[in-house]
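In what follows, a structure is listed as structure tokens, so that the remarks can point back to it.
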Amino acid sequence: MCYRQLITLFWLFVAARAMFCQSFQKEYMPANGGFVIPYNAAQRPDGRFLISHSVNSDSTRLYVTCLEPNGAVAWSVGLRAHPDISGDEGLVEAPIVATTDNGCIVMASKSYQSQVMQQGWALVKLAPDGSVQWNRQMAGVGLLDDFLEHSEGYTFVAARYPPTLNRRYLALLNNDGIALWEKDLSTSLSTIAVSKMQMLPGRRILLMLVTGNATQSVGHLLGVSESGQISDFLSLPDFTFLGACEHPDGRLFFLGKTTNRLLLGALQAGGLEWIKTLEVPTDSYSNGALILDGAQTHLIVSFQGAELPDQRVFMSFDLNGQFSNGFFVPSKEGVANRLIPTTDNALAWVSFSKRNPLRAFVFAKTSFDSLLADCPIGLMCPIGTRDTLLNPLTPPTWKTQDVSRIVGRSANRYAQSINVSDYCADLPVFNAQLFASDTLACVGDTIRFRRDSLAQGYSSWVFQKGTPSVFSGGHPPGVIFLDSGDWEVRHIFEQMGCRDTAWFNIHIKPKPQIGLPPDTAICVGTAIDIRVGGAPDWQYAWSDGVEGDVREVMYPGSYSVTVTNGGGCTDEGKVQVSAIDFPQPPLPSDTLLCEKQSVLIDLVAPLGWQYAWADGFQGLGRLFSEKGVYVLLAESPEGCQLADSIQVDVAPCAECFVYFPNVIKPELGDANGMFGLQTGCNVSAYSIRIYDRWGGLIFEGNQPQQSWNGTYRGKLVPPGVYVFHAAFVLENGGEAKRFSKSGSVAVVR
């Protein structure tokens, strides 16, 4: 393993070599509490540091804290840049710059709604003691990607008009806050955004932009003169400039990124001298910075990445782009935080506190060799660089238009107290150790894999015979193995050029393969056996509590079984069993005839069915006039033997009849949708019950005029055959006779 974390004692030794260049890392917490967000830092000519941050303890949002060169608090004030406007002042990136008189200028804000109302950002100038010297409001200007730079008594502003994307606001002010010029910058491409800005010697401005339209994105490195004239240095496709610096010999070095690469390059006499890809893991880089070291013999590249979000990375390269060394320190930063070179050839930055999140901020200042004494340092393994070809593009047409937006206003300040303490945070774990939700699983199970929760870096995974088979990222999705066996899971972990690999074998057990027959049908009144099949150590659990690999089925329904093999793996299966019955009852319900009456039943056998009368009567159509039970035998196309019968009763009833319909259609809602007794006789002591085919009572009545409408508990019953039994006393011609009648009725749709 090439990765090493240097212990505190070692770095104390290193720090002893650089006692003349004091380093520290401290946490700063407002005494009155509140919601704290650190923004930016600057260093005054006298060596003091200035920090812009928020403290959400009252309507004042933006604070400036001044620190001594050793990190002690000199003073801290809150600013109200819009005292004549009610409401809270919004949160922004709050860029801050130190001025030549040991004061500073900070960009304060109003809320976004106020921007739309043309209230805009404000530039507040503070004296060395933190008192307000002047306040300049930029009407209707300011959003998130806004920048300040100061050099030789002049302050340059780059800001945005919300929500406009096709122009940017540029201005140059002198130390008294007087605008020397204000301009709108636009381009032939549809959108324009500032990615970084830097002042160069001679009051020159280095402006880094991104322009684009629906099909093209271009990064630009521009020079802006003291008079506001624009000159192009470099335009690259699909590129974002993260930082730049100028060497005394005139070379211009730059740092930038494409979609998945971090690049370092150099311009000489207006042309590309070289451009190299830094072989660090593919990542989303932010907070990029590029500066020259104190000796101006090496380039210092610093950035933060998505795979190492709580660390600030430092890399040293010679002036030809070759890697020298690198390390990283714990530092949880926001998008706006920037790295600043100090007057003693060291580095400094402001960041979030991990110990007291959003309750304090942290400020770090390194020694001349970019190290922090008394805090852990993570060493990078050597990383490679490779020559890269990017073809510069013809720059677009730049347009400027003079505008006037800066107006003078008053501003208020409020003193506050800041508590300070020494601060260090832990380095992330560098270990490819991996964990699984289960190392013994069954085919088709979902298994979750993860790395150490404290690890930060780039992870790639390989799952032999798994789905997915490969994955990049710290949190793989659930993995499914479709084949049984011993398979390898491999985790490759990279942290800033260092690599560690871990793996283990996961045993995937086979699932039992259930051999259920297909869905089937049985003849009414018969039974079949459902056989599952399997091995002697299998266990079987049917959904209705039956056990065993064979079960008898006599009734239609759904029969599901769960099978567990000797390895504890399970599988499930289901067989749907239906009953073979008459499509609809061929015979009408039992009937009562008066003497000398008859009824004709004319049958037609459905396709594939065979009908025959049990008493040998030939033909299907039959006239009934005598009392008796008449049985019809049937054979279905599947060979099932079925029977239906009709009971005929004969009574002396000259003008009396008894009839129950054998088919109803409930949706009709009329007489054809109702089932009940139809008779011309006097009926008493009446009762009727109707059952479904499983014997469940679904209707009961005791009045001859009561009819069943084909519903049960307020809902229509399914189509099918339902059985009834009726009993009553029939009165006719002065005689009373008890009758009982059973039969069936078909409900159709």
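The values are calculated or read from the model by the stated rules, or taken from the named source; none is laboratory data. Since this is a predicted model, take the numbers as computed values, not measurements. FYI the Cβ positions are ideal-geometry reconstructions off the backbone, even for glycines, and counts take in every protein chain you see. Note: accessible area is taken over every heavy atom of the protein model, side chains too, but ligands, DNA and RNA are not part of it. Shrake-Rupley method; radii C 1.70, N 1.55, O 1.52, S 1.80 Å.
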Please pick out the residue among 738, 713, 749 that is among the basic types (Lys, Arg), open to solvent by 20 Å² or more (accessible area, probe 1.4 Å) and within 21 Å of residue 581 (Cα to Cα). 749
Looking at region 271-285, which of the residues that are open to solvent by 40 Å² or more (accessible area, probe 1.4 Å) and not charged (D, E, K, R) is modelled with the lowest pLDDT? 282
Regarding residue 268, is this residue open to solvent by 10 Å² or more (accessible area, probe 1.4 Å), more than 37 Å from the chain's Cα centre (by Cα) and under 19 Å from residue 286 (Cβ atoms)? no
Please go through region 32-47 and give me each residue that is modelled with pLDDT of 90 or more and open to solvent by 60 Å² or more (accessible area, probe 1.4 Å), ordered by number. 45, 46
Region 615-651, residues that are outside any loop (DSSP other than H, G, I, E, B) and of a type in the set (Asp, Glu): 635, 644, 649
Is one or more of the residues making up region 178-190 in contact with a strand residue (DSSP E or B) (Cβ under 6 Å, 6 or more places away or on another chain), in a loop (DSSP other than H, G, I, E, B), more than 20 Å from residue 160 (Cα to Cα) and of a type outside the set (Asp, Glu)? no
Restricting region 667-695 to residues that are within 55 Å of the chain's Cα centre (by Cα) and in a loop (DSSP other than H, G, I, E, B), the one modelled with the highest pLDDT turns out to be 692
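Conditions tested, residue by residue: (1) part of a loop (DSSP other than H, G, I, E, B); (2) within 21 Å of residue 531 (Cα to Cα).
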| site | (1), (2) |
| --- | --- |
| 560 | no, yes |
| 563 | no, yes |
| 566 | yes, yes |
| 573 | no, yes |
| 585 | yes, no |
| 589 | yes, no |
| 600 | no, no |
| 604 | yes, no |
Cβ contacts < 7 Å: first residue modelled with pLDDT under 90, restricted to region 601-618; second residue surrounded by 14 or more Cβ atoms within 10 Å (Cβ to Cβ) and among the charged types (D, E, K, R), any location; separation 6+ or different chain. Result? 601/622
Evaluation of residue 345 against (1) of a type outside the set (A, V, I, L, M, F, W, C); (2) at negative phi; (3) open to solvent by 80 Å² or more (accessible area, probe 1.4 Å); (4) outside any strand (DSSP E or B) (one fails), failing number: (2)
Please give the strands (runs of 3 or more DSSP E) falling wholly within region 365-407 in which 1 or more residues are out of contact with any Phe, Trp or Tyr (no Cβ under 7 Å at 6 or more places or on another chain) and touching a residue at least 24 places away in the same chain (Cβ under 8 Å). 385-387, 398-402
If residue 199 passes every condition in (1) in a strand (DSSP E or B); (2) at pLDDT 90 or above; (3) of a type outside the set (Phe, Trp, Tyr) but one, which one does it miss? (2)
Collect the residues in region 520-544 that are open to solvent by 60 Å² or more (accessible area, probe 1.4 Å) and not in a loop (DSSP other than H, G, I, E, B), keeping them in residue-number order. 529, 531, 539
If we keep just the residues of region 318-342 that are β-branched (Val, Ile, Thr) and assigned to a loop (DSSP other than H, G, I, E, B), which is surrounded by the fewest Cβ atoms within 10 Å (Cβ to Cβ)? 335
I need the full set of residues from region 444-482 which are open to solvent by less than 30 Å² (accessible area, probe 1.4 Å), assigned to a loop (DSSP other than H, G, I, E, B) and more than 26 Å from residue 496 (Cβ to Cβ), in order please. 478
Those residues of region 685-707 which are in contact (Cβ under 8 Å) with a residue 40 or more places away in the chain and either among the polar types (S, T, N, Q) or open to solvent by less than 70 Å² (accessible area, probe 1.4 Å) (or both), in sequence order: 685, 686, 687, 690
Residue 359 being among the charged types (D, E, K, R) and either within 30 Å of residue 274 (Cα to Cα) or in a loop (DSSP other than H, G, I, E, B) (or both): yes
Hey, any hits in region 422-442 for a residue that's part of a strand (DSSP E or B), open to solvent by 60 Å² or more (accessible area, probe 1.4 Å) and modelled with pLDDT under 90? yes
Output the number of residues of region 545-561 satisfying the condition of being touching a residue at least 12 places away in the same chain (Cβ under 8 Å) and open to solvent by 80 Å² or more (accessible area, probe 1.4 Å). 3
Given (1) hydrophobic (A, V, I, L, M, F, W, C); (2) within 30 Å of residue 63 (Cα to Cα); (3) in contact with a Gly (Cβ under 7 Å, 6 or more places away or on another chain), where does residue 447 come up short, assuming only one miss? (2)
